[in-house]
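Report on the structure given below.
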Amino acid sequence: MRRTLLLGTAACASGLVLGSGGGVRAVRAQAASMSSSDERVFSLADQVARFARAKEENNRRYLDIDTVYDGSYLKGKRVLVTGGNQGLGLAIVRELVAQGAEAVVVGRRSSPDLDALGCQVITGVDVTDEAAVKGKMVDELGEPVDYVINNAGYFPDITDSVADGMMFSEQLKQIDICALGPLRVSEALVKAGKVRGAIVVISSQAGSAEWRTTQNADEGGDYGHHMSRAACNIGGVLLAEELKKRGVPVLLLHPGFNKTGMTSKYSHIWEVEGAVDAAVGAKRVLHEVRGATMERTGQFINCEDGLRIPW
Ligand SMILES: NC(=O)c1ccc[n+]([C@@H]2O[C@H](COP(=O)([O-])OP(=O)(O)OC[C@H]3O[C@@H](n4cnc5c(N)ncnc54)[C@H](OP(=O)(O)O)[C@@H]3O)[C@@H](O)[C@H]2O)c1
């Protein structure tokens, strides 16, 4: 069985988009993206082709984030990160601390690696638990934050297809964590007056309906995970619209393909699809977080190349 978080096939690279309206515009933008890197608006759906193109073009932005990333903007900033005890979230917190930011981590539990960083950790907060989010998280947070990074997510190693059987309870759990989780956290923080800057949602390219025809071509599968990220994206766009009048930008990010516990089931394709260590992924994310401005509010960005992902 082919499992497709990020997997694509080169053969599908040009058959990117079916659909109407925005889809047609996306096709045009994609066509433009083939001709000149300056005109590119959208990233490529095919992850193998995307990574291969970056190597062909020696795209330093993609291949070596250190050539463009400057984390000095984070010095003295207060940043709340959910799910920061392991994986990408932990790497983001580590980078925040290294840059002199004041990180506050919110989650169910801490870890020895997180404890070693010495930042504030608010435990006992499951992002599906509205009472804990509105109560414990807000009560223990203190001063408002400059950035909220909704990073907590869930992608279990299960079967989820007609052929192998769908797990509806797991589908609902993924939607609860990955789509409603960022909304619960963001709503509680905004209502409590704890956001003085931007809200960032770590989503996934898996939420792009348009890209399913490439990344899940002829297979489908992973319904719960991919639906949860599509819902997450719509939640992010609505939040961006609602918070415009408050001057709070909302940015949706695909963090790239990171070598974490979540993707260990894909370790066989890590190298061909350009997976990176979480420390690199964290810099890619924080490079884009800097651009969380009102001009870009509501956009969905691929942190690998800085290009947009179509809905
Ligand atoms: N890795 C990738 O290539 C990739 C690609 C696309 C998107 N993403 C997204 O990036 C984020 C980080 O991924 P990762 O690879 O670092 O995953 P990971 O290693 O599995 O870490 C997930 C984090 O989310 C927390 N979490 C899960 N369920 C939670 C809940 N109900 N309440 C509070 N915290 C919860 C976990 O904490 P516990 O210890 O409590 O479980 C953990 O800290 C996720 O949102 C993921 O969907 C990752």
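The values are calculated or read from the model by the stated rules, or taken from the named source; none is laboratory data. Every value quoted in this text rests on a predicted model; they were computed, and no experiment measured them. Quick reminder, even Gly has a Cβ in these numbers, built from the backbone with ideal geometry, and neighbours come from all protein chains shown. The area values use the complete protein model at the heavy-atom level, side chains included, leaving out ligands, DNA and RNA. Shrake-Rupley method; radii C 1.70, N 1.55, O 1.52, S 1.80 Å.
Details
- Single residue of 212, 229, 196 found to be open to solvent by 10 Å² or more (accessible area, probe 1.4 Å), under 24 Å from residue 141 (Cα atoms) and either assigned to a helix (DSSP H, G or I) or modelled with pLDDT of 95 or more (or both): 196
- Any chance residue 206 is within 12 Å of the ligand (Cβ to nearest atom), part of a helix (DSSP H, G or I), open to solvent by less than 10 Å² (accessible area, probe 1.4 Å) and not hydroxyl-bearing (Ser, Thr, Tyr): yes
- Applying the condition of being within 9 Å of the ligand (Cβ to nearest atom) and either more than 13 Å from the chain's Cα centre (by Cα) or on the phi > 0 side of the Ramachandran plot (or both) to segment 243-261 and asking which residue is least open to solvent (accessible area, probe 1.4 Å) yields 256.
- Any hit, segment 167-177, residues being within 14 Å of residue 106 (Cβ to Cβ), more than 9 Å from the ligand (Cβ to nearest atom) and outside any helix (DSSP H, G or I): no
- Residue-level check: of (1) without any contact (Cβ under 8 Å) to a residue 40 or more places away in the chain; (2) open to solvent by less than 50 Å² (accessible area, probe 1.4 Å), residue 297 misses just (1).
- Condition met for residue 186 (modelled with pLDDT of 95 or more, more than 30 Å from residue 219 (Cα to Cα), in contact with a strand residue (DSSP E or B) (Cβ under 8 Å, 6 or more places away or on another chain) and open to solvent by less than 10 Å² (accessible area, probe 1.4 Å)): yes
- Out of 193, 197, 221, sole residue that is under 24 Å from residue 273 (Cβ atoms), more than 14 Å from the ligand (Cβ to nearest atom) and touching a residue at least 40 places away in the same chain (Cβ under 8 Å): 221
- Among residues of segment 111-131, those that are crowded, with 17+ Cβ neighbours inside 10 Å, within 11 Å of residue 93 (Cβ to Cβ) and either within 22 Å of the chain's Cα centre (by Cα) or within 11 Å of the ligand (Cβ to nearest atom) (or both), counted: 2
- Filter result for residue 149 (open to solvent by less than 20 Å² (accessible area, probe 1.4 Å), within 19 Å of residue 297 (Cα to Cα) and more than 13 Å from the ligand (Cβ to nearest atom)): no
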